[in-house]
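Okay, so here's the structure we're looking at.
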Amino acid sequence: MEFFERIEHMGKKTPGEKASQVLGKLADVIADAPDVADLESGNYTELFVMRLEKAKRAYGKAKNALAHNNPELSIEHAERGLLHYELAAIHACTEATAFVANQTFAKTIMHGGLNLEETIEKLQDAICRIKMMIEYKNISPSKELRARLSTVVQNLQDAIEAYARNDENDPTLVSDTSIGGLIWAQYIHAALGGDALFVPKQEARTLRGLYQLALESGVASYNLVSRRIKDGRNKINSLENVLQSAIDAHFEGDTSALENFFRVGAIEANALIKAAAKAMSNDAPDQVMNEEEDAGRSTPSFKETVGEMMDLIHSHHQSPENAIASLSYLQKDASALKRAIRNEEWQKALNLVICCRAEISTLSGALHYFSSQEP
Amino acid sequence: MPGPQKNKSARRAAQVSRTAILEQLIWQLETAHQSAAANYHRSELAESSLANATTTITEAVKSLALGEHDAVDRLHNVAWFYAKFAQDIVAAESTEHLLGNNRFFDLIEPRSKVQKDLRDHLDLLSTKIENLHARIPQFWELDADAAQADKQADADGHADKRNS
């Protein structure tokens, strides 16, 4: 063997030798770790203890892997253990500070052209500004606006999850989801407060029209009277549909459709403002319907109640399938029960009552999910 | 000019430091949130954001140990997004508390509220079923009960015979 080959061979360790070396190093740092009592009070002691415990667990796993002749796995655990210890050491010598609002973190910009990180943060800010406005102005948002806001929060969650997945097949998913959330945030803010969350002129040129449409639609539906007249509610629904269609057209790159939606939206918003003004005038006072009266007038039907339950279960249950199936059976049996009573098929009706009671009992059991699960 | 190995080691050191900074921020936020929950309001959204941030940091540490530096940068950003959202919520509610209004708005329905709404809806459905039941003539129900009792007696009689 040539001299240099021998030198090179000496430098190369077998996996077993390397595992022993890394494990030994981890054992040493754990043995030399300071006692909690010796740490300066006021440092991140809890985090130090947590990381040191993880280092010890990693040591145990690395030792076990080596004993079972798996040096590669042993190295992996031991290196992770050393990293845990490194973090523990930083926590041990850092002075703990109390929570201060508006702390920042230097993000790594990973998609410079798309500005994904900024868009996600902008959506977070928008949601929190709406929350602060609601709390500060003591506003009670309508059920519909609450649902819209929940969807925006869900957009944020979806955008962060898509960002974490780094899906190469759909790199625009994060930006589209966030932008959709931002446009709806603009609408919600205007509908609750009557003014803009974002000034359209200050936004990216391609998005100005959408921000403007969201603002106009929101401001038009801001007037409480709009929501109390049937015509107003219909127009609000229509405006919201136009806004969603415009957002879809923007993502599809259909500029001609987008321009049409802008025009239709502006007309509808104007019509809504006029309808509310007309209802407020003395000419048509009976059109203005009190919300309380409205609520009292219509007790939700069986089907509507089942629909609301399905929405709630879909939004809040991690595995809603069984509860949804029970609800579907219940609705089907309740309809059959009504028919049986109408046709005076009493035996059938009695059987269906028993089925409905059983389904209600199953559903009642399924509701325990919400008290037993952590958020 | 630093070699690639040196660059790699500098990047690793920076990432270890950033992991520690994020972990400390999450710890501060958890402490602040626990105090808020005990004194004025528990935000389930802040809580779940902090839980997500912690899970992401755990993933970042795993990736860092494996030398997957691009993944670590991405996971740091994700942990920051979750932590920042929790930070904004905790800060907003702290301001609301300091202003003395204590009127907190939950961005997502708290579980307790969802459970109550579902319970109320289910009670309403149950009432509607019982109202329909009340429309079934009582004599029919009595007859049906009697028929059921006869059937049961017959079944019991057969069983007794079989047993004897």
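Couple of notes before you dig in:
- A prolate overall shape is assigned to segment A:64-139, the ratio a/c of its alpha-carbon gyration tensor axes (a ≥ b ≥ c) being 1.5 or greater and a/b exceeding b/c.
- Pairs of Lys residues in segment B:1-132 that lie 8 or more places apart, or on two chains, and have C-alpha atoms under 28 angstrom apart add up to 6.
- For segment B:55-89, trypsin sites (Lys or Arg not before Pro) are listed when DSSP marks them as loop and at most 12 other Cβ atoms sit within 10 Å of their Cβ; the list is empty.
- Alpha-carbon centroids, segment A:223-263 and segment A:32-68: separation in whole Å: 58 Å
- Protein accessible surface hidden between B and A, which excludes ligands and nucleic acids, total in Å², probe 1.4 Å: 7800 Å²
- Reachable lysines from A:K63, criterion Cα separation under 16 angstrom, eight or more residues apart if same chain: A:K18, A:K25, A:K54
- Straight-line reach from A:K201: taking Cα to Cα under 20 Å and skipping same-chain neighbours fewer than 8 places apart, the lysines in range are A:K122.
- Prolate/oblate/rounded call for segment A:123-272, Cα gyration tensor, a/c under 1.5 rounded: oblate
- Sites excluded, trypsin sites (Lys or Arg not before Pro) in DSSP loops with at most 13 other C-beta within 10 Å, longest stretch of chain A: A:138-375
- Per residue accessible area in Å² of the protein assembly as shown, where ligands, DNA and RNA are left out and the probe is 1.4 Å: 54 Å²
- For A:K235, the lysines whose Cα falls under 21 Å of its own Cα, not counting residues fewer than eight places away in the same chain, are A:K143, A:K274, A:K278.
- Selected from A:L82, A:L215, A:L243 as most flexible by GNM, with chain A as the system and alpha-carbon contacts under 10 Å: A:L82
- Qualifying chymotrypsin sites (Phe, Trp or Tyr not before Pro) for segment A:149-198 [loop in DSSP, other Cβ within 10 Å: at most 13]: none
- Averaged over peptide B:13-25, the number of partner chain Cβ atoms lying within 10 Å of each residue's Cβ comes to 4.
- Within a Gaussian network of chain A (alpha carbon springs, distance under 10 Å), most fluctuating of A:S238, A:S315, A:S361: A:S361
- To the nearest ten degrees, helix A:255-280 and the longest principal axis of the Cα atoms of chain A are 50 degrees apart.
- Working note: 222 nm ellipticity from helices only, DSSP H runs with n ≥ 4, each -39,500 (n - 2.57), summed and divided by the residues of chain A, gives -24500 deg cm²/dmol to the nearest 500.
- Reduction of at least 30 Å² in accessible surface, 1.4 Å probe, comparing all protein chains with the chain by itself, residues of segment B:73-90: B:D73, B:R74, B:N77, B:V78, B:W80, B:F81, B:Y82, B:K84, B:F85, B:Q87, B:D88
- Comparing A:G253, A:G365, A:G24 in a Gaussian network model of chain A where C-alpha atoms under 10 Å apart are linked, the largest mean-square fluctuation is found at A:G24.
- Global form of segment B:49-149, assessed from the alpha-carbon gyration tensor, a/c cut-off 1.5: oblate
- GluC sites (Glu not before Pro) within segment A:151-240, DSSP loop, no more than 14 other Cβ atoms inside 10 Å: A:E168
- Put simply, the amide H of A:L197, placed in the peptide plane, has neighbours under 5 Å in A:A190, leaving out anything fewer than 5 places away on its chain.
- Carbon and sulfur %, accessible surface of chain A computed with the full protein complex present, 1.4 Å: 50 percent
- Amide H to amide H, with H built 1.01 Å from N, A:N43 comes under 5 Å of A:A96, counting only residues 5 or more places away or on other chains.
- Probe 1.4 Å, all protein chains present, accessible-area order of B:E59, A:E308, largest first: B:E59, A:E308
- Taken over the C-alpha atoms, the protein assembly as shown has Rg and Dmax values of 31.4, 109 angstrom.
- Computed from phi, the 3J(HN,Hα) profile of segment B:66-73 under the Karplus parametrisation 6.51, -1.76, 1.60 (θ = phi - 60°) reads 8, x, 8, 5, 5, 4, 5, 4 Hz, with x in place of Gly and Pro.
- Contact order normalised by residue count of chain A, Cα under 8 Å, 6+ apart, percent: 9 percent
- 0 to 90° range, to nearest 10: angle between helix A:302-316 axis and chain A longest Cα axis: 20 degrees
The values are calculated or read from the model by the stated rules, or taken from the named source; none is laboratory data. Keep in mind that what you see is a predicted model, and the values were worked out from it rather than measured. Cβ: placed from backbone, ideal geometry, glycine included. Neighbour counts: every protein chain shown. When the accessible area is computed, the model is the full protein with side chains, heavy atoms only, and any ligands, DNA or RNA have been set aside. Shrake-Rupley method; radii C 1.70, N 1.55, O 1.52, S 1.80 Å.
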